[in-house]
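Structure, as structure tokens:
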Amino acid sequence: NPLNMLAIVDYGVGNLRSLAKAFAQVGVEAVVSSDSGLLADASHLVLPGVGAFGSAVGELRRSNLDQVVLAAAERGIPLLGICVGFQMLFDEGHEFGRHAGLGLLRGQVVRFPESALPIPHVGWNQADQTHPHGLFAGIPDHSFFYFVHSYYVEGVESSDVLAVTDYGVTYPSVCGRNNVLGVQFHPEKSQTLGLHLLQNFASWTGSN
């Protein structure tokens, strides 16, 4: 029986203190850990990610924590991927070659097409909600969140798309299937509404 504990998966990429601090600001104690036993006992798991898809997923596999994440997803534990952590939930990423993702959601991670818009996409943009979800409780439609990314997911099953964002292309910025959720933006950098979303996730039980 999982402890009532939210855990952030630490597989050696990036500073996770700001994410833990964001949860603390809304009264949620988040444990940052690379201990597979502890992570396996969590009631909620957060998979963060920064940098390139291939190196992030490579580190996750090297630490064998991909198995912990997959097992938790299978057991129905609420799982939230953030930024590259969101992208890793999909089938594959096309950044510096092709890399297999976790395959929990269908789709590929591809680079933004060249256009007049700068890449990476950095800054505030809107998430237009396409399906109601507990993650959005108290968050108005078309709210702004803070993004930093050069790649986006495409080929996603429409029923898994919870919100879309427009940056030259309209792409899924929030996805979910059953207990598996992901956001392309950084809630921990998105001020009040981002914190509210993290709080919603921490109290979410794993179905809409």
Exercise for the section: Please go through the stretch 60-91 and pick out each residue that is within 15 Å of the chain's Cα centre (by Cα) and not in a helix (DSSP H, G or I). Expected result: Ile77, Pro78, Leu79, Leu80, Gly81, Ile82, Cys83, Met88, Leu89, Phe90, Asp91
Exercise for the section: Take the stretch 1-29 and flag every residue that is within 17 Å of the chain's Cα centre (by Cα) and either without any contact (Cβ under 8 Å) to a residue 40 or more places away in the chain or assigned to a loop (DSSP other than H, G, I, E, B) (or both). Expected result: Ala7, Asp10, Tyr11, Gly12, Val13, Gly14, Asn15, Leu16, Arg17, Ala20
Problem - Test for Val57: is it under 19 Å from Phe185 (Cα atoms), assigned to a strand (DSSP E or B) and of a type in the set (Val, Ile, Thr) - result: no
Practice task
Could you tell me whether the stretch 105-117 includes any residue that is open to solvent by less than 50 Å² (accessible area, probe 1.4 Å), in a loop (DSSP other than H, G, I, E, B) and in contact with a Leu (Cβ under 9 Å, 6 or more places away or on another chain)?
Solution key: yes
Fill in the blank from the handout: Screening Gly134, Gly168 for residues that are in contact with a Pro (Cβ under 8 Å, 6 or more places away or on another chain) and either open to solvent by less than 50 Å² (accessible area, probe 1.4 Å) or touching a residue at least 12 places away in the same chain (Cβ under 8 Å) (or both) leaves only Gly168
Exercise for the section: Inspect all residues belonging to the stretch 155-164 and state whether any of them is at pLDDT 95 or above and touching a helix residue (DSSP H, G or I) at 6+ places or on another chain (Cβ under 6 Å). Expected result: no
Exercise for the section: Within the stretch 81-90, identify whether any single residue is open to solvent by 40 Å² or more (accessible area, probe 1.4 Å) and either of a type in the set (Phe, Trp, Tyr) or at negative phi (or both), and answer yes or no. Expected result: no
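The values are calculated or read from the model by the stated rules, or taken from the named source; none is laboratory data. Worth saying up front: this structure is predicted, and the values here are computed from it rather than measured. Please note: Cβ atoms are built from the backbone with ideal geometry, for glycine as well, and neighbour counts cover all protein chains shown. All accessible areas refer to the heavy atoms of the entire protein, side chains included, with ligands and DNA or RNA removed. Shrake-Rupley method; radii C 1.70, N 1.55, O 1.52, S 1.80 Å.
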